[in-house]
Amino acid sequence: MSKSQLLFVVAALLALLLVNQLTAESFGKSVMGGLPWYGWLGGAALLAAAGALFARQDAERSGRLLAAPTPEAEEAAREIHVTKEDLARVDPDGPDYPHPVIFPERCIGCHACVEACPHDVLAIVNGIATPVARDQCMEDTSCQTECPVSPKACIVVNTTKKIPPRKVPQRDARFMTNVAGCYIIGDVSGTPLIKNAANEGADVIRHVSDELGNGAPAEPKAELDVVVIGVGPAGLSAAIAAQESGLRYAAVEQDKVLATIEAYPLNKYVFFKPDAMESRAPISVEGAGRQREEILASWRASMESSRVRVNEGESCKAVERAEDGDYFLVRTERGASKEPKEYRARRVVLALGNRGTPMRLKVPGEDLQLVRGGRAEAKVRYRLGDPLEYRGRRVVVVGAGNSAVEAAVDLVARRDGERIIFRPDEEMNDVTLVIRSDFKSDLKFANKVQVYDCIDEGRIRVFYGATVKEIRDAEVVIMHARTSEVLATLPNDYVFAMIGGDRPTRFLESIGIKIG
């Protein structure tokens, strides 16, 4: 009931009481409640008319919510190139409370809005972001902020909140940043699209070749024409293009080539969005998309056929413009020994992933290498690839966010939509979740329900207010996060440290690249 309706009811009751007092003596016992029959009839007619009027006003207001938004909403709509007609078309029967609206023709299915929403309001349905639980919207608005396309494909309506702009690195039409000679492509540029990233990799090498071949003075102090930092879809495309163009190049990757794609679940279908974009890349991104395994096989075949060289396990630590010429000093660390390496390159292409370097636990034993099945492998992992690779293992998962919770659940159960089916005993892992305080506030609702189901069923053990003190060959020491008191020493095969990543913002700013 609105305030105006409530006030009308109160006024009507007061009026009836007043009439009752004024007319009681005049009509005597021939009336009921102080009114004659025609008084009651008139009052009922008045209330019926008022109810009809209020109902009509409410209906008209509901119909005008999107067609005639508030001044704040109109201003926001202008900023994202949305008209009143657009809003009425995509959400004609939308509720009057804040909720996201998706423009299907603009959506590229990048998951940015889905991952940004902490309340599971959105999901990807048939490759398009879709509001699946509008009533759960808490006016977070990060879904609109993180939408990478222009004009926006995801907007929040009926909100008066000021939605901040998306902070992305500045670059021009040739992908060059405000630091002359330093280019940026792929996810880190703010557009998380595989086809777009692959195209940008090919295009940026063409721009570099044009620049170096058309008037740029020779630089005898530079040993390379270009260094490509990060070898995902964008970096791999750039490295192959550099090889085919005959440029002197180096490609460095802190993990493994295509580690992001390899981290996808088995048989995951990956969309090549946007559909209408023509492929210009030396790696195959034609069609609507393909399964993870087909993509990896195809792109690795392209690497081999082009004989491209990539320095895996090499982390870039600094990029500095030289003071004595037109070139850059690119400093890296290679391998577990962190062997220092320096490149002198005329141009730099940054093809970093947007998640940045995984944060480390910084505890004794984090770099342990164990021999299993005749080969050495790291005991501490920073991502979970295929959960089915781990069966009958004793695992500690450190973290309280979505990635940590999803990993813990996947190690004890299989997902069936929002339901989970626990693994059979012969495949079950012994999983312990270590959380410094409590689950994060942006933990998705579905993840929260699933992890609590696992905890209630005794499939996942949890240490709250705890952290890892030491990692040993066959065990892990857990301590209280504040007092450092040892809480448990657990038999252990693997540790998954999923405590977030250092986004590359600081690294980009250290180079001098402006963000926002």
Original post:
In nm, to one decimal, how far is the H480 label point from the Y97 one, both placed 7 Å along Cα→Cβ?
Top reply: 4.1 nm
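For the range 344-439, which GluC sites (Glu not before Pro) are in a loop by DSSP, counting at most 16 other Cβ atoms within 10 Å?
Details: sites: E366, E377, E389, E406, E418, E426, E427; in loops: E366, E418.
Sparse-neighbourhood loop GluC sites (Glu not before Pro): E366, E418.
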**OP:** Might you tell me the accessible area per residue for the range 273-408, computed with a 1.4 Å probe and given in Å²?
**Re:** 52 Å²
**OP:** Using Cα positions and a limit of under 18 Å, work out the lysines in reach of K448, with same-chain residues fewer than 8 apart set aside.
**Re:** K440
Subject >> Relative contact order of the range 274-399, defined on C-alpha pairs under 8 angstrom at six or more residues apart (%) >> reply: 10 percent
**OP:** Restrict the search to the range 276-358; then list the GluC sites (Glu not before Pro) that DSSP places in a loop and that have at most 15 other Cβ atoms within 10 Å of their Cβ.
**Re:** E278, E286, E323
**OP:** Would you list which aspartates and glutamates come within 15 Å of K167, measuring only between C-alpha atoms, while excluding same-chain residues fewer than 8 positions from it?
**Re:** E146, D187, E509
Original post:
Can you list the HN-Hα couplings for the range 283-294, worked out from phi with the Karplus curve (6.51, -1.76, 1.60; θ = phi - 60°), rounded to whole Hz and with x for Gly and Pro?
Top reply: 10, 7, 9, 7, x, 6, x, 8, 6, 3, 5, 5
**OP:** Pull out a ≥ b ≥ c, the square roots of the eigenvalues of the alpha-carbon gyration tensor of the range 150-236, then state rounded if a/c is under 1.5, prolate if not and a/b is larger than b/c, and oblate in the remaining case.
**Re:** prolate
Subject >> Only Lys, Arg (+1) and Asp, Glu (-1) charged, at Cβ; the range 145-303 dipole about Cα centre in debye >> reply: 700 debye
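Report the full-extension gain for the segment E470 to E389: residue separation times 0.36 nm, less the Cα-Cα distance, to one decimal in nm.
Numbers: separation 81, 0.36 × 81 = 29.16 nm, distance 2.49 nm.
This chain segment gains 26.7 nm when fully extended.
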Original post:
Across 10 Å bins from 0, what is the distribution of all Cα-Cα pair distances for the range 201-282, in whole percents?
Top reply: 16, 40, 29, 11, 3
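Summarise the accessible area of the range 342-485 (1.4 Å probe, protein heavy atoms) by the percent that is carbon and sulfur. Walk me through the numbers before you get to the answer.
Numbers: 3390 of 7400 Å².
On the range 342-485, the fraction of accessible area on carbon and sulfur atoms equals 46 percent.
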Original post:
Shape call for the range 317-357 from the C-alpha gyration tensor, a ≥ b ≥ c root eigenvalues: rounded (a/c under 1.5), prolate (a/b greater than b/c) or oblate?
Top reply: oblate
Original post:
Can you list the aspartates and glutamates whose alpha carbon sits under 13 Å from that of K161, skipping same-chain ones fewer than 8 residues off?
Top reply: E72, E74, E75, E139, D140
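Over 22 Å between Cα atoms: which of K268/K362; K221/K341; K317/K514; K338/K362; K152/K273; K444/K469 fall into that group? Mind showing how you got there, number by number?
Working: K268/K362 33 Å; K221/K341 16 Å; K317/K514 18 Å; K338/K362 16 Å; K152/K273 16 Å; K444/K469 28 Å.
Listed pairs above 22 Å: K268/K362; K444/K469.
Rounded, prolate or oblate: which one fits the range 344-494, using the alpha carbon gyration tensor with axes a ≥ b ≥ c (rounded when a/c is under 1.5, else prolate when a/b beats b/c, else oblate)? Working shown, then result.
On the way: a/c = 1.36, a/b = 1.22, b/c = 1.11.
It is rounded, given that a/c, with a ≥ b ≥ c, falls under 1.5.
Could you give the length gained on full extension between D326 and A44, defined as 0.36 nm per residue of separation minus the Cα-Cα distance, in nm?
Net length gain for the segment: 92.7 nm.
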**OP:** For the range 472-516, run through the trypsin sites (Lys or Arg not before Pro) and keep only the ones in DSSP coil with at most 16 other Cβ atoms within 10 Å of their Cβ.
**Re:** R472, R482, K514
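The values are calculated or read from the model by the stated rules, or taken from the named source; none is laboratory data. Quick caveat, the model's predicted, so the values are computed rather than measured. Note that we place each Cβ from the backbone using ideal geometry, even for glycine, and neighbour counts take in every protein chain shown. Protein only, heavy atoms only, side chains kept; ligands, DNA and RNA dropped before computing areas. Shrake-Rupley method; radii C 1.70, N 1.55, O 1.52, S 1.80 Å.
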